[in-house]
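Structure record follows, encoded as structure tokens.
The values are calculated or read from the model by the stated rules, or taken from the named source; none is laboratory data. All of these numbers come straight from a predicted model, not from anything done at the bench. Quick reminder, even Gly has a Cβ in these numbers, built from the backbone with ideal geometry, and neighbours come from all protein chains shown.
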Amino acid sequence: MGVFDPKILSTQDHLDIEDIRDDIVILKNGKACVVIETSSLNFDLLDEKEQDSRIYAFAAFLNSILFPIQIVIRTQRTDIARYLKLLEEYKQQVTSEKVYEQVSIYQDFISRLTATTQILDKRFFIVVPSQKLPIVETSWIKLLFGKPKRILNISEILAKAKEELWPKRDQVIRNLGNMGISAKQLTSDELVKLFYTVYEPDKSGIDILTIRKDDIQTGLITHATIQKDQNDI
């Protein structure tokens, strides 16, 4: 905000994000990061030996990483009515009688369950940051005349960030795959949507559960978690 051109600060002025380009988040402090979303694992359904095996595999995964990462779990309310509609549409497309019957049983279970419970969807992310990169910002003279403070060498930062982050990203995805956990890097559009729901939860509305065919075939159906309504406690 320049002394000769007062203006109203926007929400973006208070965020740490400078820009999102080429599937990379560029921060105002000169760092960049990639965000990887992973599948979930129902640990309680595993037997004791498998639980121990997963714990050892996760420990080996952490020990193999020589750079910092951040693990984020995001919980959001879900629109069950629209989810049930998606299930019905999926059921009409399946050709297997066994899967058709399984989905029908699950629909009935969800309908009865949601009368007294709240359904929450959990998403799991791993953030891989870069080292702090040199930045060139708007000069103080231009700031005096109302020019916004911005990083001017975005392209240079992106080029250096890719050299550093791509190998780290590939290592994380590969090691997670060895644990039986699928993972993918979020695209620029997915990152914008994610941050929008984080910073503007009231405007983004309620999330909608998606149907994963692999989950249906394995009997898990959905990655959602179920939480008792506080009024019932």
Unique residue being within 20 Å of the chain's Cα centre (by Cα), closer than 30 Å to Pro134 by Cα and not in a strand (DSSP E or B) when the list is Leu66, Leu62: Leu62
Mind counting the residues in segment 61-113 that are touching a residue at least 12 places away in the same chain (Cβ under 8 Å) and under 30 Å from Gln171 (Cα atoms)? 13
For Arg174, indicate whether it is surrounded by 12 or more Cβ atoms within 10 Å (Cβ to Cβ), farther than 19 Å from Pro134 by Cα and among the basic types (Lys, Arg). no
State whether the residues of segment 193-209 include one that is of a type outside the set (Phe, Trp, Tyr), modelled with pLDDT of 95 or more, in a loop (DSSP other than H, G, I, E, B) and surrounded by fewer than 17 Cβ atoms within 10 Å (Cβ to Cβ). no
Return the residue satisfying two criteria in turn: it lies in segment 79-110 and is over 20 Å from Lys122 (Cα atoms) and aliphatic (A, V, I, L, M), and of such residues it is surrounded by the fewest Cβ atoms within 10 Å (Cβ to Cβ). Ile105
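Ile119: assigned to a strand (DSSP E or B) and within 30 Å of Glu163 (Cβ to Cβ), yes or no?
Answer is no for this residue.
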